Amino acid sequence: MKRSQLSAPYQASRAYSPAVITEGGRTIWLSGHLAAEDEGGRSLAGDFDGQVRCVFRKLAGTLRESGAALDDIVTMTVFITDPRLNTRFVELRKEFFATDRYPASTLVTVAALNRPELMVEINAVAVAPTVT
């Protein structure tokens with residue numbers, strides 16, 4: 001699979017690429033991932049950082065099961081319930097992607113998610129190397 005991306009200073013500062021170009025590979029469509037609780041069952045209600053980190057760990061787990069990794073994500077749509085947290089989300093996303101592997105991304109503020117304690121939901125598309 002061949003991957004390249006466009007880059008610009010503003011987008012790089014916000015941890016996303018304006019466009020990702022791929023050739024070949026397998027496409028993996030990820031449904032929305034949420035995190036009301038961490039992997040140990042501890043509530044993440046009111047813990048935006050905890051929810052974001054847990055969602056990325058869950059995405060990584062789903063991708064691992066598919067023979068892929070977070071670096072294979074080419075685009076994501078992020079839903080947050082508080083627009084004041086958009087910059088914090090960007091800071092947290094930088095923990096999970098190398099600067100030369102930022103996915104294309106859309107960040108949307110919504111009134112609510114499907115449970116009142118949820119603060120973030122991420123769905124994504126990944127393109128991974130073809131398994132032979």
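Computed from the coordinates by the stated procedures, all read-outs in this text should not be read as laboratory data. Just so we're clear, the structure is a prediction, and the values are computed from it rather than from any experiment. FYI the Cβ positions are ideal-geometry reconstructions off the backbone, even for glycines, and counts take in every protein chain you see.
List the residues, sorted by chain then number, that are 5 or more residues from ARG26 or on another chain and whose placed amide H is less than 5 Å from its amide H.
Placed amide hydrogens put ALA128, THR130 under 5 Å from ARG26.
Using a 7 Å offset from the Cα along the Cα-to-Cβ direction at both ARG84 and LEU6, what is the distance between the two label points in nm, to one decimal?
Here the answer is 3.4 nm between the modelled labels.
What percent does the relative contact order of the range 1-129 come to when contacts are Cα pairs within less than 8 Å and at least six residues apart? Please report the intermediate quantities before stating the final value.
Working: 246 pairs, mean separation 49.4, N = 129.
Result for the range 1-129 is 38 percent.
Name the residue, out of ALA15, ALA69, ALA35, whose mean-square fluctuation peaks in a Gaussian network model built on the chain with Cα pairs under 10 Å.
ALA69
Of all DSSP beta bridges in the chain, what percent run antiparallel (nearest 5)?
75
Pick from LEU85, LEU34, LEU70 the residue whose mean-square fluctuation is largest in a GNM of the chain, springs joining Cα atoms under 10 Å.
Of LEU85, LEU34, LEU70, the Gaussian network model singles out LEU85 as fluctuating most.
Around ASP47, with a cut-off of 13 angstrom between Cβ atoms, what is the net charge of the other residues, counting Lys and Arg +1 and Asp and Glu -1? Let's see the in-between values first.
Numbers: positive: ARG42, ARG53, ARG88; negative: GLU37, ASP38, ASP49, ASP82, GLU117.
Around ASP47, the surrounding residues sum to -2.
Just ALA111, ALA68, ALA19 to compare: in a GNM of the chain, with alpha carbon springs under 10 Å, which one fluctuates most?
Looking only at ALA111, ALA68, ALA19, the biggest GNM fluctuation is shown by ALA111.
Set the Förster distance to 25 Å, then compute FRET efficiency between ASP47 and ALA19 from the Cβ-Cβ distance, nearest 0.05.
Details: r = 33 Å, r/R0 = 1.32.
Efficiency, rounded to the nearest 0.05: 0.15.
Note the direction-averaged projected area, equal to a quarter of the hull surface, for the Cα convex hull of the chain, in nm².
Numbers: hull surface 31.5 nm².
That works out to 7.9 nm², a quarter of the Cα hull's surface.
Can you tally the net charge around ILE80? Count Lys and Arg as +1, Asp and Glu as -1, for every other residue whose Cβ sits under 10 Å from the Cβ of ILE80.
Details: positive: ARG84, ARG88; negative: ASP82, GLU121.
Once positives and negatives cancel, what remains is 0.
Enumerate the calculated ³J(HN,Hα) couplings along the range 45-50 in order (Karplus 6.51 cos²θ - 1.76 cosθ + 1.60, θ = phi - 60°), each rounded to whole Hz, writing x wherever the residue is Gly or Pro.
Result, rounded to whole Hz: 4, x, 10, 4, 4, x.
Can you pull the one-decimal nm distance between simple spin-label points at VAL131 and SER66, each 7 Å off the Cα toward Cβ?
With each label placed 7 Å out from Cα toward Cβ, I get 1.2 nm.
Provide the per-residue ³J(HN,Hα) series for the range 26-34, in order, calculated from phi with Karplus coefficients 6.51, -1.76, 1.60 and θ = phi - 60°, each as a whole number of Hz, with x at glycine and proline positions.
Karplus values, whole Hz, x for Gly and Pro: 9, 8, 10, 9, 9, 6, x, 10, 10.
If I model a spin label at THR109 and SER31 as a point 7 Å from the Cα along the Cα→Cβ vector, what separation in nanometres do I get?
Each label point lies 7 Å from its Cα, and together they span 2.9 nm.
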